[in-house]
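Below: one structure, written as structure tokens.
What follows draws every value from the coordinates through simple rules; no lab data is involved. These numbers come from a predicted model, not from an experiment. Quick reminder, even Gly has a Cβ in these numbers, built from the backbone with ideal geometry, and neighbours come from all protein chains shown.
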């Protein structure tokens, strides 16, 4: 993978194992891509460098500024918007949605409300993911699909989507999965 220069910003999720996993194992050609929860912008930058047309959204205004700064620093064109999931892009459709969602259940590990927003996915860890999957079909072209990170720390949940695990990585504290929903 080409070197991506990322400036970190206070209040914005720094790229970690899950971010790098997506960059290293996402397919290169995904067409028109929507990244939900872009954070620093690293995944969107990676996908834009591969020739995809990328729109990135984040609920955190600091993340929107970070992603814009990092896209400029890496000389890629990305549409970057502040949005609570799909709220800023009504009536638009994409070939692919990518998301490194907040997936942990609440804990006392994070005293920063912006970091909590980036890592805690709801009471059971999966509520954000379940909501995204329930609304995503309205924003995907025919044959569109989703690539997301899931964690062994998430409680199990049901979805009507078919899914395939693309990559699994084990850490002493959890297992991470790059999952393709189609």
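Couple of notes before you dig in:
- Tail beyond 20 Å, pair distance distribution of the stretch 1-150 (Cα, percent): 43 percent
- Taking a point 7 Å from the Cα of residue 162 along the Cα-to-Cβ direction, the residues of the stretch 108-149 with backbone N closer than 19 Å to it are 133-134, 136-138, 140-148.
- Across the stretch 13-93, the volume of the C-alpha convex hull divided among the residues equals 79 Å³ per residue.
- Kirkwood Rh in Å, taken over the stretch 95-182 so that all alpha-carbon pairs contribute: 13.6 Å
- Choice from 111, 138, 60 showing the highest fluctuation, given a GNM over the chain with Cα pairs closer than 10 Å: 111
- Per-residue extension of 0.36 nm, minus the Cα-Cα distance of residue 3 and residue 152, leaves a gain of 50.7 nm for this segment.
- Förster radius 35 Å - calculated FRET efficiency between residue 137 and residue 111 (Cβ-Cβ, nearest 0.05): 0.45
- For the pair the stretch 122-178 / the stretch 1-67, the C-alpha centres are spaced 17 Å from each other.
- Full extension of the chain between residue 92 and residue 28 gives 20.8 nm of extra length, using 0.36 nm per residue less the Cα-Cα distance.
- Put in order of Cβ neighbour count within 10 Å, fewest first, the listed residues 177, 25 become 25, 177.
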